[in-house]
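Student: Before anything else, here's the structure in question.
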Amino acid sequence: MSQLSLQRFLDYCAARVALRAALVLFALCLMVVAVPAEEVDAGMQDSVPPLVVDGLKETDVFGWGQSVVVRGTIKHGVMAFGGDVLVEGEVDGDVATIGGSIIQRDGAQIGGDVFVIGGSYQRSANAGGRNPASTTVMFTGYGPELRNIMRNPASLLAPQWSVPYLGSRVLAVLFWFIASLALTAVTPGAVSRAILRLQLTNVRVAVIGFVGSIVMTFGVVAGLSLLPTVIAALVGLVALMLLLLAYLFGRVAIQAATGQWLQRKVFGEKYRSESIALLTGTIFWAILLSLPYVWPFIGAGLLVASLGLALTARYRMGWKRA
């Protein structure tokens with residue numbers, strides 16, 4: 001195999017791995033958000049007419065909030081958001097759906113991979129054979145919730161106050177409280193310096209985090225566009241890991257600083273402790289992140305501040321208030 005062919009093969013493999021990783025990450029995020037849904041409008045599945053594809057289609061086909069019925073031939077792939085994919089003809093590329101199922105009828109052909117998130121893959125006994133190199137990835141949980149979110153994205157901004165939603169909030173408080181206890185026990189000096197920076201130079205920390213987020217976003221996008229596929233995928237994964245670690249460290253520091261401030265304002269001197277401060281700050285930010293329509297802005301501000309704290313974590317406190 002020549003060097004050029006080997007490079008193309010590696011780029012192809014890296015692109016498929018990156019696509020699957022993105023779909024899995026997107027599915028996990030949607031499943032976490034879909035937990036608050038209390039009930040789903042069952043009539044939505046029949047109220048929206050499907051997208052019917054007849055004849056020959058040379059481009060990809062997307063179904064936004066509706067099902068897709070393939071009766072002709074599609075040279076590329078099919079993707080449905082909040083609907084099913086019914087294949088009665090031929091699809092040369094991949095077939096994917098979020099919040100729906102993929103049904104392959106008798107005589108139908110699927111040449112690529114099958115991705116199902118929130119549904120199932122049903123293949124008739126007399127359906128056409130698939131490529132032996134193709135794979136099937138399927139997550140069957142939270143199907144109605146994902147379908148509702150895909151067809152009504154505005155429901156993400158206004159969570160429904162139900163028993164499952166309250167349970168998810170309690171679990172979130174428990175998770176962040178345990179994470180705060182563990183991180184403050186492992187790195188007490190770094191957390192203390194981060195709290196001190198928040199108290200004295202919070203505006204500067206926010207500016208550094210905002211600039212860092214812009215640089216990271218444009219840097220990752222440029223890397224994905226200019227670098228080879230293998231290196232670009234590694235750069236994207238490293239940037240995602242750094243962002244998650246920065247958010248973990250920054251949120252713990254912000255929760256601790258908030259809990260200390262609330263203790264000084266509400267509790268007496270003899271009732272103050274680090275554990276109570278961490279728990280109070282965790283509950284406070286969990287409530288803020290549950291407010292309808294404003295929680296995305298609060299989450300974005302929390303992410304920017306966390307990134308600013310992570311970027312300045314190695315510097316000891318030498319700044320002074322002007």
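The values are calculated or read from the model by the stated rules, or taken from the named source; none is laboratory data. Just so we're clear, the structure is a prediction, and the values are computed from it rather than from any experiment. Heads up, the Cβs are rebuilt from the backbone with ideal geometry, glycines too, and the neighbour counts pull from every protein chain shown.
Student: I'd like the full set of residues that are of a type in the set (Ser, Thr, Tyr) and either assigned to a helix (DSSP H, G or I) or at pLDDT 90 or above (or both), limited to segment 273-302. Can you show your working first?
Tutor: Pass one, segment 273-302, residues of a type in the set (Ser, Thr, Tyr): 273, 275, 280, 282, 290, 293.
Ser275, Thr280, Thr282, listed by residue number.
Student: OK, next. Of the residues Leu166, Leu171, Leu157, Leu200, which single one is closer than 30 Å to Leu278 by Cα and at pLDDT 85 or above?
Tutor: Result of the check over Leu166, Leu171, Leu157, Leu200: Leu171.
Student: Does Arg130 count as at pLDDT below 85, of a type in the set (Lys, Arg) and under 30 Å from Gly299 (Cα atoms)?
Tutor: No.
Student: Another one. Determine which member of the set Tyr121, Tyr165, Tyr142 is under 24 Å from Thr73 (Cα atoms) and of a type in the set (Phe, Trp, Tyr). First the steps, then the outcome.
Tutor: On the way: Tyr165 fails: under 24 Å from Thr73 (Cα atoms); Tyr142 fails: under 24 Å from Thr73 (Cα atoms).
The conditions single out Tyr121.
Student: Considering only segment 262-272, I want to know if a residue exists there that is in a loop (DSSP other than H, G, I, E, B), modelled with pLDDT of 85 or more and exposed (fewer than 13 other Cβ atoms within 10 Å of the Cβ).
Tutor: At the first step, the residues of segment 262-272 found to be in a loop (DSSP other than H, G, I, E, B) are 267-268, 272.
If we keep only those that are modelled with pLDDT of 85 or more too, we end up with none.
Scanning segment 262-272 turns up no residue that is in a loop (DSSP other than H, G, I, E, B), modelled with pLDDT of 85 or more and exposed (fewer than 13 other Cβ atoms within 10 Å of the Cβ).
Student: Residue check: is Ala190 free of Cβ contacts under 8 Å to residues at least 40 places away in the same chain, in a helix (DSSP H, G or I) and either of a type in the set (Gly, Ala, Ser) or surrounded by 12 or more Cβ atoms within 10 Å (Cβ to Cβ) (or both)?
Tutor: On the way: free of Cβ contacts under 8 Å to residues at least 40 places away in the same chain: no; in a helix (DSSP H, G or I): yes; either of a type in the set (Gly, Ala, Ser) or surrounded by 12 or more Cβ atoms within 10 Å (Cβ to Cβ) (or both): yes.
No.
Student: May I ask you to say which residue of Val70, Val61 is surrounded by 17 or more Cβ atoms within 10 Å (Cβ to Cβ), farther than 16 Å from Asn131 by Cβ and over 28 Å from the mean Cα position of the chain (by Cα)? Lay out the reasoning, then the answer.
Tutor: Numbers: Val61 fails: over 28 Å from the mean Cα position of the chain (by Cα).
After ruling out the rest, the residue left standing is Val70.
Student: Residues in segment 128-144 that are surrounded by 16 or more Cβ atoms within 10 Å (Cβ to Cβ) and either among the polar types (S, T, N, Q) or more than 27 Å from Gly65 (Cβ to Cβ) (or both): how many?
Tutor: 2
Yes/no matrix, rows are residues, columns are (1) more than 24 Å from Pro49 (Cβ to Cβ); (2) out of contact with any Lys or Arg (no Cβ under 9 Å at 6 or more places or on another chain); (3) not assigned by TED's automatic domain parsing to the domain that holds Val48:
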{"position": "Phe81", "(1), (2), (3)": "no, no, no"}
{"position": "Asp92", "(1), (2), (3)": "yes, no, no"}
{"position": "Thr97", "(1), (2), (3)": "no, yes, no"}
{"position": "Gln104", "(1), (2), (3)": "no, no, no"}
{"position": "Gly111", "(1), (2), (3)": "yes, no, no"}
{"position": "Ala133", "(1), (2), (3)": "yes, yes, no"}
{"position": "Phe139", "(1), (2), (3)": "yes, yes, no"}
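Student: Looking at segment 110-153, which of its residues are polar (S, T, N, Q) and not in a loop (DSSP other than H, G, I, E, B)? Spell out the reasoning first.
Tutor: First pass over segment 110-153, keeping only residues polar (S, T, N, Q): 120, 122, 124, 126, 131, 134-136, 140, 148, 152.
Gln122, Thr136, Asn148, listed by residue number.
Student: Please count how many residues of segment 206-249 are in contact (Cβ under 8 Å) with a residue 60 or more places away in the chain, assigned to a helix (DSSP H, G or I) and of a type outside the set (A, V, I, L, M).
Tutor: Total meeting the criteria: 8.
Student: How many residues does segment 154-163 contain that are part of a helix (DSSP H, G or I) and surrounded by 13 or more Cβ atoms within 10 Å (Cβ to Cβ)?
Tutor: Taking segment 154-163 and keeping what is part of a helix (DSSP H, G or I), we get 154-156, 163.
Cutting the leftovers down to surrounded by 13 or more Cβ atoms within 10 Å (Cβ to Cβ) gives us 155-156.
Residues meeting the conditions: 2.
Student: Are any residues in segment 177-201 closer than 12 Å to Gly250 by Cα and of a type outside the set (Ser, Thr, Tyr), and if so, which ones?
Tutor: Step one: list which residues in segment 177-201 are closer than 12 Å to Gly250 by Cα, which gives 179-180, 183-184, 190-195, 197-198.
Ala179, Leu183, Ala190, Val191, Arg193, Ala194, Ile195, Arg197, Leu198 - these are the residues of segment 177-201 that are closer than 12 Å to Gly250 by Cα and of a type outside the set (Ser, Thr, Tyr).
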